[in-house]
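Worksheet for the structure shown next.
The values are calculated or read from the model by the stated rules, or taken from the named source; none is laboratory data. For clarity, every value in this text was computed on a predicted model and none was experimentally measured. Counting neighbours? That spans all protein chains shown, and the Cβs are built from the backbone with ideal geometry, glycine included. Heads up: the accessible areas ignore ligands, DNA and RNA and are worked out on the full protein's heavy atoms, side chains in. Shrake-Rupley method; radii C 1.70, N 1.55, O 1.52, S 1.80 Å.
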Amino acid sequence: MIKLNPEDRIAKGGGRDIYQHPDDDGLLIKIYRPKKKRFRLGAYFELETWWFGGYREWYVEYKHYIACLNRRGNCPLYMSELRGFSDTSLGLGQLVQKISDEGSPGLSITLRHVAKQQEISFDDIAPLVDQLFQDFGDDKVIFRDLNPSNILVVRDADKRPLRLVIIDGLGDYTYIPTRSYSRIAYRLWHKHEKSKVLAYLQEQYAK
């Protein structure tokens with residue numbers, strides 16, 4: 001069992017607390033944080049909810065992750081690798097690849113941080129957004145939450161941006177996964193999400 005101290009949490013989001021793996025600098029541990037139960041009639045008709053309970057989100061992520069691996073034969077650079085699960089002193093933990101800059105042990109900064117601080121010019125970051133959407137669009141991968149806080153900017157040793165990596169929200173979480181089976185629905189969603197990200201950046205850089 002991996003021993004974790006609640007005070008050592010480095011981030012939280014999406015109903016999960018994030019910890020550095022104590023024995024591997026290249027891994028993070030995500031701990032599921034139970035949410036208050038709310039009555040939802042649709043849950044009674046969702047078999048996955050009955051089977052997986054609060055871990056349904058992890059099931060959805062792995063389902064789409066394995067589908068991507070099947071299409072490509074490897075984990076793409078635009079998402080973090082999923083490394084399985086482990087018991088911890090805080091409950092079941094999901095092991096994921098830690099995304100860091102070249103030559104740095106820390107987490108890469110988020111796209112939201114870059115836009116707020118404008119440490120990287122819009123002309124340098126916009127092409128990376130184009131490349132990110134091109135890459136995962138070619139693989140028909142779906143992310144349910146493409147907000148800038150879930151996108152990291154990987155930089156080289158001189159702090160020049162290299163690529164963007166999506167670290168959370170993998171998978172289609174809708175009751176009827178239209179985007180997974182309809183090319184038209186996927187293209188419309190993909191175009192809309194890219195427009196939202198670029199619009200956010202343009203708004204921030206205009207300030």
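Tabulated data for the structure shown
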item: Average accessible area per residue (Å²) across the chain - probe 1.4 Å, nucleic acids and ligands excluded; result: 58 Å²
item: Two-site label geometry, D123 and Y205: point separation in nm, points 7 Å out along Cα→Cβ; result: 1.0 nm
item: Listed peptides 159-165, 183-189 by packing density, highest first (mean Cβ within 10 Å); result: 159-165, 183-189
item: Total formal charge among the other residues, if their Cβ is under 14 angstrom from that of T178, Lys/Arg +1 and Asp/Glu -1; result: +4
item: Neighbour net charge for H21 - beta-carbon separation under 12 angstrom, K R +1, D E -1; result: 0
item: Over 22 Å between alpha carbons, listed pairs K30/K63; K12/K194; K98/K191; result: K12/K194; K98/K191
item: Cβ-based net charge around T110, under 11 Å, with every Lys or Arg adding one and every Asp or Glu removing one; result: +1
item: Surface share of carbon and sulfur [accessible, 1.4 angstrom probe, percent] for the chain; result: 52 percent
item: MRE, 222 nm, helices only [DSSP H, n ≥ 4, -39500 (n - 2.57), over the chain, to nearest 500]; result: -11000 deg cm²/dmol
item: Three principal axis lengths of the chain [C-alpha, angstrom, descending]; result: 47, 44, 37
item: Order of exposure, largest accessible area first, which applies to C68, C75 with probe 1.4 Å; result: C75, C68
item: Computed label-point distance, nm, for sites R183 and E7 using a 7 Å Cα→Cβ extension; result: 5.7 nm
item: Relative contact order (percent, whole number), the range 107-207, Cα cutoff 8 Å, 6+ residue spacing; result: 33 percent
item: Relative contact order computed over the range 9-206 (Cα-Cα under 8 Å; 6+ residues apart), in percent; result: 19 percent
item: ³J(HN,Hα), Karplus 6.51/-1.76/1.60, whole Hz, each residue of the range 57-74, x for Gly, Pro; result: 4, 5, 4, 4, 4, 5, 4, 6, 5, 5, 4, 5, 4, 5, 6, 9, x, 7
item: Length released on extending from F85 to D158, taking residue separation times 0.36 nm less the Cα-Cα span; result: 22.8 nm
